[in-house]
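For reference, the structure is listed below as structure tokens.
The values are calculated or read from the model by the stated rules, or taken from the named source; none is laboratory data. Source: prediction; values computed, not measured. As a convention, Cβ positions derive from the backbone with ideal geometry for all residues, glycine included, and neighbour counts pool all protein chains shown. In case anyone asks, the SASA skips ligands and DNA or RNA and just uses the protein heavy atoms, side chains included. Shrake-Rupley method; radii C 1.70, N 1.55, O 1.52, S 1.80 Å.
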Amino acid sequence: MRDALDATPYDALLLLSFGGPEGPDDVVPFLENVTRGRGIPKERLKEVGQHYFLFGGVSPINDQNRALLDALRKDFADHGLDLPVYWGNRNWAPYLTDTLREMVADGRRRILVLATSAYASYSGCRQYRENLADALAALEAEGLDLPKIDKLRHYFNHPGFLEPMIEGVLRSLADLPDDVRDGAHIAFSTHSIPTASADTSGPVEQQGDGGAYVRQHLDTARLVADAVRERTGVDHPWQLVYQSRSGAPHIPWLEPDICDHLEERHAAGVPAVVMAPIGFVSDHMEVLYDLDTEATAKAGDLGLPVRRSATVGADPRFAAAIRELVLERAATESGREVTPCALGALGASHDLCPVGCCPARAPRPAAAGADSPYA
């Protein structure tokens with residue numbers, strides 16, 4: 001019989017995600033949650049919500065998280081890891097505070113958090129840590145005993161995250177017509193953020209010139225492109241591009257935008273493009289609309305053949321990677337020696353976000369980091 005794997009000192013894993021509407025009536029309330037405190041009129045939110053209404057008012061992200069939950073629970077059970085997995089969202093049910101309250105009622109005292117963002121940035125890491133601090137403050141106000149919470153390190157360069165993306169690009173290339181395949185360009189896409197946020201992403205000593213956010217994405221893109229070259233014998237040109245920009249037009253954001261990039265590549269004579277959304281864990285709304293709808297329509301207008309490769313989603317290799325990250329962090333917390341699994345030039349990310357990492361414009365408490373008020 002297989003020996004049971006030991007996640008001590010942790011007694012639960014929390015999948016922490018963004019959340020999304022699950023019907024037309026949810027769209028505006030969901031967007032109100034996302035934009036709370038920014039004073040955006042409801043009529044403007046209805047305009048923004050048209051992306052969701054094109055898909056019946058339903059974001060795919062919640063179902064994708066349910067699939068990931070199933071994949072994690074199956075992987076853990078198959079490998080003898082007795083660790084319950086819970087799920088909480090930032091902006092829609094199941095809400096994070098409700099899930100943490102449930103976990104406390106179930107007697108969970110040491111919780112490890114998996115955020116559905118692989119890279120360092122304010123919105124992809126610290127904001128989730130702020131959400132955790134807000135939830136803990138709410139439970140403290142209710143007189144509940146607070147659990148100790150840690151967050152898994154960034155996993156952008158873990159083989160279990162990379163391999164499904166590599167295979168997705170290979171499938172997309174294979175799906176292109178024979179006469180354009182070898183000349184195809186790869187556009188590695190991620191969410192644009194303000195350049196000021198990019199420059200301050202990651203630990204303090206790494207800040208500037210795009211910060212950890214850009215460096216980590218470039219490392220991921222390079223690893224995928226190198227693997228594609230090794231397996232096909234073709235050296236496809238590639239570039240990191242951005243999508244899903246929002247906010248005031250006078251504020252600089254990371255560029256080039258994917259649609260502008262398609263125009264530029266077409267003008268340069270590129271015969272085809274594979275769009276590889278390496279910045280996203282699953283095929284949620286920003287992938288379905290910004291790439292599958294908007295960017296694909298732009299390519300159609302240009303007469304440029306494009307394919308969009310898959311995100312990792314609930315791939316069993318990604319679930320296995322999370323198990324490995326859980327056991328790695330458990331070993332570290334227990335004082336056992338462990339060699340972190342990471343590919344590329346940057347190595348394994350930090351376990352504990354340092355003080356000043358991915359700062360907010362207005363300082364707020366953040367849990368699961370060196371500056372956490374909840375030790």
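Okay, here's what the table says:
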item: Residue within region 37-52 that is basic (Lys, Arg), farther than 22 Å from Glu130 by Cα and modelled with pLDDT of 95 or more present; result: no
item: Number of positions in region 201-221 that are under 18 Å from the mean Cα position of the chain (by Cα) and either under 23 Å from Pro252 (Cα atoms) or of a type outside the set (Ser, Thr, Tyr) (or both); result: 13
item: Residue within region 37-58 that is buried (at least 21 other Cβ atoms within 10 Å of the Cβ), in contact (Cβ under 8 Å) with a residue 40 or more places away in the chain and part of a strand (DSSP E or B) present; result: no
item: Residue ID - nearest to the chain's Cα centre (by Cα), chosen from residues in region 232-253 that are surrounded by 13 or more Cβ atoms within 10 Å (Cβ to Cβ) and farther than 21 Å from Ala299 by Cβ; result: Trp253
item: Test: Leu14 is modelled with pLDDT of 95 or more and either over 19 Å from Asp315 (Cβ atoms) or open to solvent by 30 Å² or more (accessible area, probe 1.4 Å) (or both); result: yes
item: Where a residue in region 268-282 is touching a residue at least 12 places away in the same chain (Cβ under 8 Å) and of a type in the set (Phe, Trp, Tyr) and its partner, wherever it lies, is open to solvent by 10 Å² or more (accessible area, probe 1.4 Å) and not in a loop (DSSP other than H, G, I, E, B), with Cβ under 7 Å and at least six apart; result: Phe280/Glu286
item: Qualifying residue in region 53-69 (condition: acidic (Asp, Glu) and either at pLDDT below 95 or under 30 Å from Val338 (Cβ atoms) (or both)); result: no
item: Any hit, region 137-152, residues being among the charged types (D, E, K, R), buried (at least 22 other Cβ atoms within 10 Å of the Cβ) and in contact with a helix residue (DSSP H, G or I) (Cβ under 8 Å, 6 or more places away or on another chain); result: yes
item: Selection count, region 294-325, where residues are in contact with a Ser or Thr (Cβ under 9 Å, 6 or more places away or on another chain), open to solvent by 50 Å² or more (accessible area, probe 1.4 Å) and farther than 19 Å from His266 by Cα; result: 0
item: Residue in region 327-345 that is in contact with a Phe, Trp or Tyr (Cβ under 7 Å, 6 or more places away or on another chain) and of a type outside the set (A, V, I, L, M) present; result: no
item: Check on Gly335, open to solvent by 30 Å² or more (accessible area, probe 1.4 Å), assigned to a loop (DSSP other than H, G, I, E, B) and either free of Cβ contacts under 8 Å to residues at least 60 places away in the same chain or in contact with a Leu (Cβ under 6 Å, 6 or more places away or on another chain) (or both); result: yes
item: Any pair with Cβ under 6 angstrom, 6 or more apart, that starts in region 228-247 at a residue that is at pLDDT below 95 and ends at one that is surrounded by 12 or more Cβ atoms within 10 Å (Cβ to Cβ) and aromatic (Phe, Trp, Tyr); result: Arg245/Trp253
item: Flag if Asp134 is assigned to a loop (DSSP other than H, G, I, E, B) and acidic (Asp, Glu); result: no
item: Search result, residues across region 70-103 that are in a helix (DSSP H, G or I) and either polar (S, T, N, Q) or surrounded by 17 or more Cβ atoms within 10 Å (Cβ to Cβ) (or both); result: Ala71, Leu72, Asp75, Phe76, Leu96, Thr97, Thr99, Leu100, Arg101, Met103
item: Out of Val34, Val58, sole residue that is out of contact with any strand residue (DSSP E or B) (no Cβ under 7 Å at 6 or more places or on another chain), β-branched (Val, Ile, Thr) and over 23 Å from Arg109 (Cα atoms); result: Val34
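Yes or no, residue by residue, for (1) under 25 Å from Arg129 (Cα atoms); (2) in contact with a helix residue (DSSP H, G or I) (Cβ under 6 Å, 6 or more places away or on another chain):
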| position | (1), (2) |
| --- | --- |
| Ile278 | yes, yes |
| His284 | yes, yes |
| Tyr289 | no, yes |
| Gly300 | no, no |
| Thr311 | yes, no |
| Gly335 | yes, no |
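Residue-by-condition table, conditions (1) of a type in the set (Gly, Ala, Ser); (2) open to solvent by 60 Å² or more (accessible area, probe 1.4 Å); (3) touching a residue at least 24 places away in the same chain (Cβ under 8 Å); (4) more than 22 Å from Pro147 (Cβ to Cβ):
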| position | (1), (2), (3), (4) |
| --- | --- |
| Leu327 | no, no, yes, no |
| Ala345 | yes, yes, yes, yes |
| Ala348 | yes, no, yes, yes |
| Pro354 | no, no, yes, yes |
| Ala367 | yes, no, yes, no |
